[in-house]
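Beneath this line is the structure, given in structure tokens, with notes to follow.
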Amino acid sequence: MMKVIKITALWCSSCLIMNNRWNEILKERNIETVSLDYDFDDIEKYNVGDILPVFIFLKDDKEIKRLVGVHSVKELKNVMGEVS
């Protein structure tokens, strides 16, 4: 089963944009999502830089894809097709 770790921050405008786009895709697919906050959660093990949001796609708990920054719904759906 695929899982996505979503790393965002309250102050991040790009994160707000992507949250709406991500929710649109979640309505269509059954994907386990773990939401972490850049400032409040332990994210060191994910090697996240300064650009948010970060979406880490896992299959069998192994990273298979990573998206950083703002992407269109079409791009997100294409990635979902690649990794599923």
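Structural remarks
- Of all residues in region 41-84 being under 14 Å from ILE7 (Cβ atoms) and among the acidic types (Asp, Glu), the one that is least open to solvent (accessible area, probe 1.4 Å): ASP41
- Taken over region 10-28, the criterion of being farther than 24 Å from LYS62 by Cα and not charged (D, E, K, R) is satisfied by LEU10, TRP11, CYS12, SER13, SER14, LEU16, ILE17, ASN20.
- Under the condition of being surrounded by 16 or more Cβ atoms within 10 Å (Cβ to Cβ) and under 10 Å from the mean Cα position of the chain (by Cα), the residues counted in region 1-40 number 9.
- Of all residues in region 45-60, those that are free of Cβ contacts under 8 Å to residues at least 60 places away in the same chain have Cβ atoms under 8 Å from Cβ atoms of residues that are among the aromatic types (Phe, Trp, Tyr), 6 or more apart or on another chain, in VAL48/TYR38; LEU52/TYR38; VAL54/TYR46; PHE55/TRP22; ILE56/TYR46.
The values are calculated or read from the model by the stated rules, or taken from the named source; none is laboratory data. Treat the numbers as computed from the prediction; the structure is a model and nothing was measured. Cβ atoms come from the backbone with ideal geometry, glycine included; neighbour counts cover every protein chain shown. Ligands, DNA and RNA are excluded from the accessible area calculation, which covers all protein heavy atoms including side chains. Shrake-Rupley method; radii C 1.70, N 1.55, O 1.52, S 1.80 Å.
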